[in-house]
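Peer 1: First the structure, which I've put down as structure tokens, then a few questions once you've had a look.
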Amino acid sequence: MVKRRRFSFFDDDFERMIERMMEEMTRGFEDFDELERRAREGKSFVRGFSITIGPDGKPIIQEFGDKPQMTPKGLEEKREPLVDIINEKKNIKIIAELPGVRKEDIDLNATEKSLEIKVDAPERKYYKKLELPAKIKPETADAKYNNGVLEVTIEKIEPSKEDEKKKRINIK
């Protein structure tokens, strides 16, 4: 009898990581009464992950969605937006889904190594700090927001030893 080897696109470590992420995503919302209460209050529940294949051929996993956290002020609910980072030849392009907010509510800040996206509106709260794949020139940032999608394009720089400087980015 010939034994067949199980074929999987992903290796065992990756599959265990997916199982762990699924457990984490459902932790805290296992009680359907809690989900029903949130729905009656008009609060949505979004939680998920996206998988893309990086330039090295390995999967890149990003979580997004609601991430309630206990703070001294009580339960704080911020949604982590779904974000794509596109590493182009001369630029880095960041595309983030931020539905239900006005562009005036979006606060963007960049350093040479990171981009911070923050929305603190009464209707929705989003937060994500992105570590970028290359150093950038924050002063060259161009940001556009249309139909719930934020697109930020920033020029790359050659590595330098200058101190990081935070620069606010205006949205058109």
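Peer 1: Using the Cβ atoms and a cut-off under 15 Å, what net charge is assigned to the surroundings of Asn170, where Lys and Arg are +1 and Asp and Glu are -1?
Peer 2: Neighbourhood net charge equals +1.
Peer 1: Let me ask you something else. What size of dipole, in debye to the nearest 20, comes out for segment 78-172 about its Cα centre when the only charges are +1 on Lys and Arg C-beta atoms and -1 on Asp and Glu C-beta atoms?
Peer 2: Approximately 40 debye in magnitude.
Peer 1: May I ask for the Kirkwood hydrodynamic radius of segment 78-172, worked out over all distinct Cα pairs and given in angstroms to one decimal?
Peer 2: Taking the inverse mean of 1/r over all distinct Cα pairs, segment 78-172 comes out at 13.4 Å.
Peer 1: Counting Lys and Arg as +1 and Asp and Glu as -1, what is the net charge of the other residues whose Cβ lies under 13 Å from the Cβ of Asn91?
Peer 2: +2
Values in this text are rule-based calculations from the coordinates and carry no lab data. Quick caveat: nothing in here was measured; it's all calculated off a predicted structure. Ideal geometry is used to build each Cβ from the backbone, glycine not excepted, and the neighbour counts take in all protein chains shown.
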